[in-house]
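Participant: Supplied in structure tokens, the structure appears directly below.
Just so it is clear, none of the values below were taken in a lab; they were calculated from the coordinates. All values derive from a computational prediction rather than experimental measurement. All Cβ positions, glycine included, derive from the backbone under ideal geometry; neighbour counts span all protein chains shown.
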């Protein structure tokens, strides 16, 4: 099993290229199932999660090819997907169990083929995250559903029919599944209380490039006029806002000065606002964002995770690592997932002073973390331990780093290029 070994204390400097968004790439890949034509996605991130979806789509009959990365653009690839013939409409447990986003094949396969069988999904153990919202909304479109032996069996022999749907709570995945399904449904579908994340906007814009008719993009009310068929397109995936925030904190926690090439500031408001209050400096530069920080000026803050445009739950663990070394007492309330503080005991192994009170973590800042052996529990928890290791005195060994590969492209290589003393090793 691999591990990451970090000797902390190096101040990060230089330029790092932000990859395409994982959380945008996954639904965009699933959208290829909606058409027989070629869908080409630029700025494609090569990750554990995207590799898993490649395996699933290939199993379903999608022809997939890659271009890049090029010599002058080390971290950018292009993927081409052609679902000219769907050879299987069943998504098996052995693939789906590895990643929750596999559920995103449900909507497009049902809309195009009229039937689909999908295993209940797996992924990070950060909460229940039920698929009830997906299923209830698809039933509203006319789907016939059954749950048997851990599989969702869905049929729509007469096709799907548009209707008004109001989600009882905001769900990114359910919004994505319904956007894709409604694109080929008969008539008009209105999605109320829809998720507003930039990744939803990216999917909607790509679907429109493929011939879908969607209005209200970027709002919580999406109107989809169903069409008979979609065609191919070439589309560029937006930069990953979570990776952007992660490298911003890497710069801040080391007192560094780093240019985030390809960063999209328009998707980062809640992050830049909160980090600026902590004492992190941001400056817009050509094709990116410059991040710097004076460690002596780090201040405490109170944050509650919220659906977009609020502070993202996917950045909660990372900012906790930073606040562990900020002056004063900070509080982070987790309002999205009920089990997303599993990184706290590991940060405490490094000397952090953190107490959990219900859904809130109370962080008393200390001058310096101490290196220690730690265990990664999920994707974002993993990278928070790497960030802590960058700032810690001595050596930190992060075990079970396969979680990192699911969502961060070339993390060790990128941090090493910025001056981190970091390497990957086999146990």
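Participant: Could you work out how much longer the chain between residue 277 and residue 402 gets when fully extended? Use 0.36 nm per residue separation minus the Cα distance between them, nm to one decimal.
Facilitator: Details: separation 125, 0.36 × 125 = 45.00 nm, distance 3.28 nm.
Working it through step by step, the gained length comes to 41.7 nm.
Participant: Arrange the following residues from fewest to most other Cβ atoms within 10 Å of their Cβ: 202, 426, 421. Could the numbers behind the result be given before it?
Facilitator: Values: 202 23, 426 6, 421 15.
Arranged by neighbour count, lowest to highest, 202, 426, 421 become 426, 421, 202.
Participant: So which residue, out of 260, 379, 295, gets the largest mean-square fluctuation from a GNM of the chain using Cα contacts under 10 Å as springs?
Facilitator: 295
Participant: So, one more: Can you tell me the orientation of helix 269-278 relative to the chain, as the angle in degrees between its alpha-carbon axis and the longest Cα principal axis, to the nearest 10?
Facilitator: The angle comes out near 10 degrees.
Participant: Angle check, please: helix 172-183 long axis (alpha carbons) against the longest principal axis of the chain (alpha carbons), in degrees 0 to 90, nearest 10.
Facilitator: 30
Participant: Moving on to the next point. Between 149, 283, 414, where does the largest GNM mean-square fluctuation fall for the chain, given springs only between Cα atoms within less than 10 Å?
Facilitator: Looking only at 149, 283, 414, the largest GNM fluctuation is found for 149.
Participant: Divide by every residue of the chain the summed helix terms, -39500 (n - 2.57) for each DSSP H run of at least 4, and state the resulting mean residue ellipticity at 222 nm, rounded to the nearest 500 deg cm²/dmol.
Facilitator: Working: 14 runs with 128 residues, N = 427.
Rounded to the nearest 500, it is -8500 deg cm²/dmol.
Participant: Treat each spin label as a single point 7 Å out from the Cα along the C-beta direction, and report the residue 287 to residue 234 distance in nm.
Facilitator: 1.8
Participant: Then there's this: Pull up the DSSP beta bridges for region 276-427 and report the antiparallel fraction as a percent, rounded to 5. Write down the numbers at each step before the final one.
Facilitator: On the way: 16 of 25 bridges.
Counting DSSP beta bridges with both partners in region 276-427, the antiparallel share is about 65 percent.
Participant: With bins 10 Å wide starting at 0, give me the P(r) of the chain over every alpha carbon pair, in whole percents.
Facilitator: Going from the shortest bin to the longest, the percentages are 5, 22, 31, 24, 14, 4, 0.
Participant: I need to check one value: relative contact order of region 126-210, counting alpha carbon pairs closer than 8 Å and at least 6 residues apart, in percent. Each step should come with its number before you reach the end.
Facilitator: Values: 106 pairs, mean separation 23.6, N = 85.
With pairs under 8 Å counted, the relative contact order is 28 percent.
Participant: Helix 198-209 against the longest principal axis of the chain: what's the angle in degrees, Cα atoms only, rounded to the nearest 10?
Facilitator: 30
Participant: Next question, about the same structure. Taking all pairs of distinct Cα atoms, average 1/r, flip it, and tell me the Kirkwood hydrodynamic radius of region 202-345 in Å to one decimal place.
Facilitator: The answer is 17.1 Å.
Participant: Moving on. Give me the number: length gained by fully extending residue 115 to residue 148, i.e. 0.36 nm times residue separation minus the C-alpha to C-alpha distance, one decimal in nm. Walk me through the numbers on the way to the answer.
Facilitator: Details: separation 33, 0.36 × 33 = 11.88 nm, distance 1.50 nm.
Contour length minus the Cα-Cα distance gives 10.4 nm.
Participant: To the nearest 0.05, how large is the calculated FRET efficiency for residue 329 and residue 426 if R₀ is 45 Å and r is the Cβ-Cβ distance? The partial results should precede the final answer.
Facilitator: Working: r = 40 Å, r/R0 = 0.90.
Calculated value: 0.65.
Participant: In addition: Can you give me the C-alpha center-to-center distance between region 311-363 and region 132-202, rounded to a whole angstrom?
Facilitator: What the calculation gives is 34 Å, centre to centre.
Participant: Determine, at each q value in 0.09, 0.15, 0.16 (inverse angstroms), the log₁₀ of I(q)/I(0) that the Debye formula gives when each Cα of region 22-236 is one equal point scatterer.
Facilitator: Ignoring solvent entirely, the Cα scatterers give -0.30, -0.89, -1.03.
Participant: Taking every DSSP beta bridge with both residues inside the chain, roughly what % is antiparallel (nearest 5)? Mind showing how you got there, number by number?
Facilitator: Working: 62 of 86 bridges.
Restricted to the chain, the bridges split so that about 70 percent are antiparallel.
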